[in-house]
Structure formats: structure tokens, C-alpha cells
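Let me begin by presenting the structure, written as C-alpha cells, before commenting on it.
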Amino acid sequence: MTLSRGGTFLLACTAGTAIANNYAVQPALTDIAAHLGVPLAVIGLVPTAALIGCMCGFALLLPLTDHVAPNRLIAGQLTLLAAALLLAATSRGAAVLLVAYLLVGAAAGVAAQAGSIAGRHAPPGRRATDVAVVAAGMSAGILLSRLAGGTLADLLGWRRMLCVFAALALLGALCTATLLPRQRPSSGHGYLTTLRSLPPLLRGYPQLRRAVAAGGLWYFAFNLVWVTLTLALAQPPHSLAPSEIGLYSLAGLLGFAVLPLTGRLTDRRTARTVITAGLLAASAGAALLATGLGTPLVTGLGLALFDAGCFAAQAANQSRIIAIDPERSGSLSSVYLVLYFITGALGTALAAPVLEALGWRGSTLLACAALLLATLVARRERPALTRRPPGASREAIGPGSPAAGSRPDSRS
């Protein structure tokens with residue numbers, strides 16, 4: 001069953017409203033700490049709990065897209081998300097709140113499931129376009145989440161703000177249960193077998209290895225630039241306030257705007273071409289940032305190019321991964337996103353020491369080098385045939401998949 005444009009738009013809205021819950025609470029952390037009577041350092045672990053939960057969701061729940069009908073899967077996870085948000089809203093202590101946000105993060109991983117489902121059920125010639133539309137929805141959710149969360153928390157209080165997001169999740173559950181495909185994916189193996197087969201996927205699919213390596217490099221660069229930027233702007237000679245630093249995030253709007261165009265170009269040309277163009281644009285943005293932070297207009301332009309290039313490359317890379325074997329898109333995306341986020345976390349962790357050792361210019365040049373290396377990795381030619389992952393039967397892989405001996409999609 002193919003998705004209509006309305007179905008794709010619904011998945012994009014689902015992805016945006018779900019992933020927003022990982023970030024919407026952040027402006028209210030100070031109020032939450034005061035209301036619960038616990039140190040801010042403890043409440044500051046809430047975003048970390050959400051990130052850990054999200055990675056667990058990618059590892060354990062994303063493969064369910066290969067086993068459960070889309071309408072049941074998405075509706076079920078959105079219901080879980082609503083329950084976790086209500087648990088957070090009624091929490092009376094930090095421990096319950098942190099547990100709730102582990103669950104929120106895991107359920108918010110439904111955003112990645114939405115992209116996988118969009119790619120699997122896309123009409124012929126529209127896979128990359130539909131994946132990019134869902135990615136645009138996810139990006140909008142991330143960009144607007146802190147603004148929406150902060151505004152609602154100011155107007156209603158943080159507990160009622162969480163209840164509003166829970167209501168949105170329940171509304172999404174109702175819509176997706178009604179409108180998404182009801183057909184269960186054909187799979188010749190069980191869920192536990194799928195989890196055991198995830199690590200061998202890297203050995204069995206050279207395209208996946210290259211996608212992981214390239215994506216990890218640019219996500220490392222992405223996190224390195226944004227974290228060092230906030231640190232550098234907060235220090236002399238700039239000494240900007242948090243609200244002023246936050247305005248630079250508006251540069252990400254260009255990345256959100258180019259995503260639909262990215263999808264259309266990927267469908268008409270190749271994912272490799274779009275990834276290369278995106279990474280070269282991101283490299284140009286990083287080089288522009290290396291000139292310094294003294295001129296906000298130049299910094300904003302550099303960030304816009306940097307974000308747009310990384311967003312375009314990510315959307316094209318995800319469509320490339322789904323094209324490897326659409327019947328196993330959930331498992332392939334699970335491996336990719338877990339390793340992608342781990343590498344990105346490394347960029348975040350190294351940001352402060354790199355800034356201290358190399359300065360702002362050195363940090364951006366290191367990011368530029370990572371982007372250029374990602375370009376080389378992404379442009380490597382793949383073999384005509386892909387080996388079957390060790391331990392996986394032909395039925396487990398899926399008939400007609402690259403690993404079963406058919407030629408992969410030449411466009412990927």
C-alpha cells in the first residue's frame with residue numbers, strides 16, 4: 001500500500017510533534033527545579049535522560065517497523081508518549097521525572113519510525129521526497145520546540161504545558177490509527193531475531209557502513225560547531241546572553257526550507273550527488289565561520305549554509321539507507337541512527353576541550369576537515385552486489401533485496 005500525500009504530511013506532523021518533546025521542557029528546567037525543591041544540576045539531567053531514552057528507542061523500537069502494521073505501531077508509541085508526558089506532569093520528585101523522560105525519549109523515537117514508514121510506502125519515484133518531507137517536519141519540531149515549550153510554560157505552567165503536549169500525542173495517535181496503512185510488513189523472522197541480526201548488518205551491507213561513516217562525520221562536525229559556538233559567544237569578548245545566542249538558531253530555518261527540494265533532487269538525480277553538494281555547502285559554511293565571530297551577519301550566513309548542507313545530506317543519506325532494502329528499513333535505520341547519535345555525542349563531548357586547545361577558528365577548521373572527509377566517504381563507489389548479512393536467511397532478508405542477490409537500486 002502506498003501513502004498519499006496526506007499520509008506523508010501526517011507522518012511529518014507526527015515526527016515533529018513527537019521529537020519536540022525531547023526539547024520543549026528545557027526552557028522550564030529552572031522552574032521545575034524550584035517547584036520540586038531539588039538542585040538545578042539534578043533537573044539538568046532531564047535532557048540527558050531524554051537523549052538516552054531516544055537512543056534506546058532507536059535500538060529497540062525502530063526495528064518494529066519491520067514487524068508491526070504502521071497504524072498500530074505509530075498509534076501505540078504516541079499513546080506511550082502521552083502516558084510518559086502525563087507521568088512527568090504529575091511527578092513530585094526528580095527520580096520520577098527522570099524515569100518519565102527516559103520513556104518520553106524512547107517514545108519520541110517514533111519520529112524515526114515515521115521516516116522509515118514514509119520511505120517504505122512511498123509511491124514509485126517519490127521515496128526521497130517523502131523521506132525529506134518527514135525530515136522537514138522533524139526539523140520544524142526541533143527548531144520550534146523550545147519556543148513553544150517556553151511560551152506554554154509561561155502561560156500555563158510547566159505541568160499544564162506537558163499536558164498540552166500529551167493531548168497532541170493522543171490526537172496524533174487517533175489520526176494515525178485511522179489513516180495510516182493497516183498492512184503488517186511481511187517478515188520471515190521474529191522481533192528477537194531482528195535484534196540479534198542488527199550488528200551483522202554492518203558487515204553484510206557495505207552501503208550501510210559508508211552511510212554510517214559519512215553521517216557520523218558530519219554529525220560530529222554539526223555538534224562540534226554548535227556547542228563551541230554557544231561556548232565562544234558566551235565568553236569575552238562577545239559575552240552574549242543566552243537569549244542572544246539562541247537567536248543564531250534561526251539560521252537553521254534555511255535547512256528546514258531546503259529539505260523538500262533535497263528530496264525532489266534526490267529522486268531525480270542520485271542520493272550521492274545531493275550528499276556531495278550538501279557537504280560541500282556545509283564545508284563552505286564552516287570555512288566562512290572560521291573567519292571569526294565579529295560580524296553577526298557573516299556568522300548567520302555561515303551557520304545557514306552549514307545547517308542547510310548537513311540537513312540536505314542527512315535526508316538524502318536516510319533515503320539511501322532505506323533503498324538498500326526497503327523490507328528491512330527499520331533495522332537498517334536503527335543501526336544507522338544509534339551509531340550516528342553516538343558519534344554526534346562525541347562531538348558534543350569534545351567541544352569544550354577542542355575550543356580551549358584550538359580556539360574558535362581551529363574548531364571550525366576541524367569541523368570542515370570532518371565534512372570533507374565525509375564527502376570522500378560518501379562518494380566511494382559501492383559494489384554491484386551486496387553480501388547477505390552473516391546468520392540471516394534469505395527469507396529474513398526479504399525477497400528481491402540486495403543481500404538476496406538482486407542488484408540494488410542504482411539511484412542510491
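All conditions but one from (1) over 16 Å from the mean Cα position of the chain (by Cα); (2) buried (at least 24 other Cβ atoms within 10 Å of the Cβ); (3) within 26 Å of Pro124 (Cβ to Cβ) apply to Pro326; the one that does not is (2). Of the numbered conditions (1) closer than 21 Å to Leu254 by Cα; (2) touching a residue at least 24 places away in the same chain (Cβ under 8 Å); (3) of a type in the set (A, V, I, L, M, F, W, C), Leu147 satisfies every one except a single condition; which is it? It fails just one condition, (2).
Listed here are the residues, each with its yes/no results for (1) within 22 Å of the chain's Cα centre (by Cα); (2) within 27 Å of Thr266 (Cα to Cα); (3) at pLDDT 85 or above.
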{"position": "Ala112", "(1), (2), (3)": "yes, yes, yes"}
{"position": "Ile117", "(1), (2), (3)": "yes, yes, yes"}
{"position": "Leu152", "(1), (2), (3)": "no, no, yes"}
{"position": "Arg159", "(1), (2), (3)": "no, no, yes"}
{"position": "Ser186", "(1), (2), (3)": "no, no, no"}
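When Thr30 is tested against (1) open to solvent by less than 40 Å² (accessible area, probe 1.4 Å); (2) of a type outside the set (Lys, Arg); (3) touching a Leu at 6+ places or on another chain (Cβ under 9 Å), just one condition goes unmet, and that condition is (1).
Screening region 9-61 for residues that are polar (S, T, N, Q) and under 22 Å from Asn223 (Cα atoms) and picking the one that is modelled with the highest pLDDT gives Asn21. One residue is enough: does region 153-175 have a residue meeting the conditions open to solvent by 20 Å² or more (accessible area, probe 1.4 Å), within 24 Å of Gln113 (Cβ to Cβ) and among the basic types (Lys, Arg)? Checked region 153-175: no residue is open to solvent by 20 Å² or more (accessible area, probe 1.4 Å), within 24 Å of Gln113 (Cβ to Cβ) and among the basic types (Lys, Arg).
Of the numbered criteria (1) open to solvent by 30 Å² or more (accessible area, probe 1.4 Å); (2) free of Cβ contacts under 8 Å to residues at least 60 places away in the same chain, the one His35 fails is (2). Could you say whether any residue in region 193-212 is within 30 Å of His35 (Cβ to Cβ) and not in a loop (DSSP other than H, G, I, E, B)? So far as region 193-212 goes, no, none of its residues is within 30 Å of His35 (Cβ to Cβ) and not in a loop (DSSP other than H, G, I, E, B). Quick one: would you say Ala312 is free of Cβ contacts under 8 Å to residues at least 60 places away in the same chain and assigned to a helix (DSSP H, G or I)? Here the answer is yes, as Ala312 does meet what is asked. Put simply, of Leu254, Leu250 the only residue that is of a type in the set (A, V, I, L, M, F, W, C), in contact with an Asp or Glu (Cβ under 9 Å, 6 or more places away or on another chain), modelled with pLDDT under 85 and open to solvent by 10 Å² or more (accessible area, probe 1.4 Å) is Leu254. Of all residues in region 262-280, those satisfying the criterion of being surrounded by 24 or more Cβ atoms within 10 Å (Cβ to Cβ) and under 24 Å from Val225 (Cβ atoms) are Thr262, Ala271, Val274, Ile275, Gly278, Leu279.
Residue count for region 43-88 satisfying the condition of being in a helix (DSSP H, G or I), farther than 23 Å from Leu346 by Cα, in contact (Cβ under 8 Å) with a residue 24 or more places away in the chain and open to solvent by less than 20 Å² (accessible area, probe 1.4 Å): 14.
Table: residues versus (1) open to solvent by 50 Å² or more (accessible area, probe 1.4 Å); (2) touching a Gly at 6+ places or on another chain (Cβ under 8 Å); (3) of a type outside the set (Val, Ile, Thr); (4) closer than 30 Å to Thr295 by Cα.
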position: Thr193; (1), (2), (3), (4): yes, no, no, no
position: Leu198; (1), (2), (3), (4): no, no, yes, no
position: Leu201; (1), (2), (3), (4): no, no, yes, no
position: Tyr205; (1), (2), (3), (4): no, no, yes, no
position: Ala221; (1), (2), (3), (4): no, yes, yes, yes
position: Val227; (1), (2), (3), (4): no, yes, no, yes
position: Leu231; (1), (2), (3), (4): yes, no, yes, yes
position: Gln235; (1), (2), (3), (4): yes, no, yes, yes
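Open to solvent by 50 Å² or more (accessible area, probe 1.4 Å) and touching a residue at least 40 places away in the same chain (Cβ under 8 Å), is that true of Arg210? So Arg210 fails the test. Going by the structure shown, is Val133 over 12 Å from the mean Cα position of the chain (by Cα) and modelled with pLDDT of 90 or more? Criteria not met by Val133. For region 115-141, filtering for residues that are under 18 Å from Ser186 (Cα atoms) and outside any helix (DSSP H, G or I) leaves 2.
Just checking, does region 329-346 include any residue being under 28 Å from Pro185 (Cα atoms), of a type in the set (Val, Ile, Thr) and open to solvent by less than 40 Å² (accessible area, probe 1.4 Å)? Taking every residue of region 329-346 in turn, at least one turns out to be under 28 Å from Pro185 (Cα atoms), of a type in the set (Val, Ile, Thr) and open to solvent by less than 40 Å² (accessible area, probe 1.4 Å). State whether the residues of region 162-180 include one that is modelled with pLDDT of 85 or more, polar (S, T, N, Q) and under 30 Å from Leu265 (Cα atoms). Yes, that holds for at least one residue.
The values are calculated or read from the model by the stated rules, or taken from the named source; none is laboratory data. Bear in mind that the values here come from a model prediction, so they are computed numbers and not experimental data. Neighbour counts are summed over all protein chains in view; Cβ atoms, including those assigned to glycine, are modelled from backbone coordinates with ideal geometry. SASA here: full protein model, heavy atoms, side chains in, ligands and nucleic acids out. Shrake-Rupley method; radii C 1.70, N 1.55, O 1.52, S 1.80 Å.
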